[in-house]
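This report concerns only the one structure given below.
Here, each number is a calculation from the coordinates, and none is a lab measurement. Nothing here was measured: the structure is a model prediction, and the numbers come from that model. Quick reminder, even Gly has a Cβ in these numbers, built from the backbone with ideal geometry, and neighbours come from all protein chains shown.
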Amino acid sequence: MTTTVHLADLIAALGGDLLGEAQTPIARIAPLDEADGQSISFLANPKYQAQLSQTQAACVIVAPAFAEAAAARGADAGVAISAAIVTPDPYLYFARLTQWWAARMRPQAPARVHPSAVIDPSARLGAGVDIGPLVVIEADVEIGEGARIGPHCVIGQGARIGAGTRLSASVTVGFGCQIGARGIVHSGVVIGADGFGFAPNFKAGDASGWVKIEQLGNVRIGDDVEIGANTCIDRGALADTVLEDGVKLDNQIQIAHNVHIGRHTAIAGCTAIAGSTKIGAFCTIAGAANIVGHLSLADHVHVSAATLISRSISKPGLYSGAYPFEENASWEKNAATLRQLHALRTRLRELEKKNT
Amino acid sequence: MTTTVHLADLIAALGGDLLGEAQTPIARIAPLDEADGQSISFLANPKYQAQLSQTQAACVIVAPAFAEAAAARGADAGVAISAAIVTPDPYLYFARLTQWWAARMRPQAPARVHPSAVIDPSARLGAGVDIGPLVVIEADVEIGEGARIGPHCVIGQGARIGAGTRLSASVTVGFGCQIGARGIVHSGVVIGADGFGFAPNFKAGDASGWVKIEQLGNVRIGDDVEIGANTCIDRGALADTVLEDGVKLDNQIQIAHNVHIGRHTAIAGCTAIAGSTKIGAFCTIAGAANIVGHLSLADHVHVSAATLISRSISKPGLYSGAYPFEENASWEKNAATLRQLHALRTRLRELEKKNT
Amino acid sequence: MTTTVHLADLIAALGGDLLGEAQTPIARIAPLDEADGQSISFLANPKYQAQLSQTQAACVIVAPAFAEAAAARGADAGVAISAAIVTPDPYLYFARLTQWWAARMRPQAPARVHPSAVIDPSARLGAGVDIGPLVVIEADVEIGEGARIGPHCVIGQGARIGAGTRLSASVTVGFGCQIGARGIVHSGVVIGADGFGFAPNFKAGDASGWVKIEQLGNVRIGDDVEIGANTCIDRGALADTVLEDGVKLDNQIQIAHNVHIGRHTAIAGCTAIAGSTKIGAFCTIAGAANIVGHLSLADHVHVSAATLISRSISKPGLYSGAYPFEENASWEKNAATLRQLHALRTRLRELEKKNT
């Protein structure tokens, strides 16, 4: 669906100081370098400043420092319309604009409980709850006001979903698990599968093997948490696995049993966190990082992509550990030499002794 | 189902020059070293040439250079039947043989729309479309002629599935997303979940946290694309995420928002590509590779397994960056020394100065 | 559900020598450092021995060597009750205790075939089979006695599920695949998607592209196998993909076509094993490891986290290959120097020559 709004509508909804014509029509949101004369764009990162004078956007969201340049760009870029919205934090304004835009362009259908859903009579659904087709809701589930449960979700016995939380299609929430208010859970997420725990029993000849440790804990997820597609969060072994308020997880993340993630920590796709590790608040963990079990990471720790964290970190900062890529022929030489690195150090020491 | 065919049937369907008896019965396809007297096998890689004289296969698919050896092998290997099919590209012939074989041994059931499916009346289904049990098809969906939608799939509002495309069980296609013709999508795939985008808003004491950037783009997938189980392809933030024609993705791949993958690029399992990265055409990316966001990779770039690509690549070639494994005791020494590598270089320089 | 049992109940069910009062009430199982006066705890790893004298647990499961300390701890820790259960392997006892506990606290509902399930009339269900809501069971499926199939599972044509095996919600088992007895399969698992195989055909201008190799094998899974959430096990290209008895897989593991995993091998989350690789028995593979295709690993091989195994391993032992992480500034220096490592070795050699 495409529809046209006017800058006046945006300002009325989101604030900001308008430089230019309030009736300027806007048909889309676009990056500076892809914007056309019906687009609104934004300058959040000063490194894209050069694009400001070139953009064809009808309106640009800018910080006060760029207000003059944004208003003046008309002549340089040869655009007919060169409005600007001035706001202290253009990226935040842009985020709110996308929310306002989505609410207008993709209005939610009225809530209904689809007749094909299989809902245990003991389940308690709050006012305005939307239940999609072929959903399964087991006994003693509680779903808060205004929550929306997408098609094919399965909510296990005794689970609780907070008010206003939205589950996309095909989310699985295990028995006894909890999600707070205003959460967003994408398709294919599995909350509350068993953690991976076994006792070895290889002494006896018969019945030898790994003996399962039943996972007796649950998963507890706070408010305002978003969880990306196909991410897994296992239930705890004895105590619960915990995600605090405001945590954001991308796709295909693995959270093992008894992990604890502090509030407002954001984790990018394909990262794995092993059992019982405690991540602080306000951390950011880049994609495909791995964090081994039973560690503790302080608040405000930042981890680079594809890094293995193998020890606890008590000091805020940025930590990295990815192998630098290069052309294969060079890599082969350097990687082979890496296996001799300790020996090279010893040889260097000996040379140093000779030279003193 | 196992059934027997004769070499004449294969030749009639797939071509090739037959050396040997056209009525030779074939019951299975097998590798050279596992073949028996009712098997057809193939020699594609000359490094397996030694297996040719040993194989028990009734028939071997070979290139012209091996025709003589293939026909002569009867005596050496002591096999009663030693037919050969000679063709310029035995591996390609083998691929087509598997397709012919599958079509015979696993014939598709006649198309039907299963009565348990929940299909919005506004959806448009082409001729011969097959809809499995408990499928959900939302409003304004369009499904092309002969497409097959497996059980438990969810096709979101306004999505389009091309002619002849097959979705296995439990595939999720988000609203507004498109898949071209003749595609194959395996179970658990999630197309069109939200990309991972937030603006930080940690200044105010209240309502502090990450502010969601609604993802306003879609996913556009070309023709002849195959997507492996549990792979995720996120919708774009403003513009679309794009897979061009002929792209092949293995299982558990993560494609972030606004990624663009050029035609005929093939990507092995568990690889992750971060947001806005552009991969060229005819690339191959091995398993568990990671490519950071906002990069550009040229056509014909090849990436080795478990490599992190952290910068754009403008030159075709093979790029690698995996840590070489070794016995743990050696690894511990070398990895510890790696943390001193820059210092070692400095010490080496000083020694060099002393020695000049 | 929380309920109270007495130590006498545990001893009756699980054995062990009780030191202390048989009527001691127990309300929960907890780690030593989180236990309260109604908890039972265990000391499995001697490195936690110091916690024994401090724990508030009513009862501690210990090995004979710690029996005295466990019984004596009452005075030190100031706890009213200080019972102990003495057993040769406290961790194994703990595992069995969790099973006994789960059976009491989370009793299984009586088996039923939910009326919303779509079951082909040719399927054969053993006695006491439980089929959840909205399950799809295709033609010629066989499900063994007492198996439990969770909501939204799809069991493809001709698949076989062994006696007593439990599938959580939303598991997909492809046509012709087999799972043995007493298995546990968690949500989102995909068994029997196509392996990733294509023949290149880029010579002709038209119809150029990757040509699919139909995957004609199945997946065969032994008895007592557990498979974690969202893990994928692809069907074989010609022969089958095989998991032997007692294999344990964590979440989000990728098992490619024709992999063979020996009995009682355990693999942690996010590990990927490429095609045709053979893993021995009694191996352990840590999380996020990657094993390239066509390799062979001996029995009793152990692989560390985030390690790429790129060659076959014939000798039991522990193998590692992860890049050591550090603060980003140091990493940048060391990683940049790593690209010169081979050159540094050459320079060192030259210096050594000069110094001899």
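A few remarks follow.
- Across chain A, C-alpha contacts under 8 Å between residues 6 or more apart give a mean separation that, scaled by the residue count, equals a relative contact order of 6 percent.
- Here the dipole of segment C:5-105 is about 200 debye; that uses its Cα centre as origin and unit charges on the Cβ of Lys and Arg (positive) and Asp and Glu (negative).
- Shielding of A:92-103 by partner chains, average beta-carbon count, 10 Å: 5
- A simple rule links phi to the HN-Hα coupling: the Karplus curve 6.51 cos²θ - 1.76 cosθ + 1.60 with θ = phi - 60°, which for segment A:228-242 gives x, 4, 6, 6, 10, 10, 7, 6, x, 6, 10, 8, 9, 7, 10 Hz, with x for Gly and Pro.
- FRET E, pair B:M105, C:D9, Förster distance 60 Å, beta-carbon r, rounded to 0.05: 0.60
- For C:Y91, net neighbour charge (Lys/Arg +1, Asp/Glu -1) across residues whose Cβ lies under 15 Å away: +2
- Point-to-point label distance, B:K333-B:A50, nm (Cα→Cβ direction, 7 Å offset): 3.4
- Shielding score for C:216-229, defined as the mean number of other chain Cβ atoms within 10 Å: 3
- Neighbouring partner chain Cβ atoms per residue of A:261-270, average, 10 Å criterion: 5
- Trypsin sites (Lys or Arg not before Pro) within segment C:268-356, DSSP loop, no more than 14 other Cβ atoms inside 10 Å: C:R311
- Across the identical copies, how the C:R124 labels are spaced - nm, sorted shortest first, 7 Å along Cα→Cβ: 4.8, 4.8
- Using a 7 Å projection from Cα along Cα-to-Cβ, the label point at B:A336 is separated from the same position in the remaining copies by 2.7, 2.7 nm, smallest value first.
- Derived scalar couplings ³J(HN,Hα) [segment C:11-18; Karplus, 6.51 cos²θ - 1.76 cosθ + 1.60; whole Hz; x for Gly, Pro]: 4, 5, 7, 10, x, x, 9, 8
- Shown in residue order for segment A:97-112 are the 3J(HN,Hα) couplings computed by the Karplus curve 6.51 cos²θ - 1.76 cosθ + 1.60 at θ = phi - 60°: 4, 4, 5, 5, 5, 4, 5, 6, 8, 10, x, 5, 5, x, 5, 8 Hz (x for Gly and Pro).
- Cross-link pairs beyond the 19 Å C-alpha cut-off, checked among A:K248/A:K278; B:K212/B:K278; A:K315/B:K203; B:K354/C:K354: B:K212/B:K278; A:K315/B:K203
- Loop sites in segment C:196-266: trypsin sites (Lys or Arg not before Pro), DSSP, at most 14 other Cβ within 10 Å: C:K203
- With its label point defined 7 Å out from Cα along the Cα-to-Cβ axis, A:Q108 lies at 3.9, 3.9 nm from the matching points of the other copies, in increasing order.
- Extension gain for the segment B:R124 to B:E21, taken as residue separation times 0.36 nm less the Cα-Cα distance, is 32.0 nm to one decimal.
- Remark on B:F325: its backbone amide H falls under 5 Å from those of C:S310, a criterion applied only to residues 5 or more positions apart or on other chains, H modelled at 1.01 Å from N.
- Put simply, the C-alpha atoms of the protein assembly as shown give a gyration tensor, and the ellipsoid matching it has half-axes of 40, 40, 37 Å, longest first.
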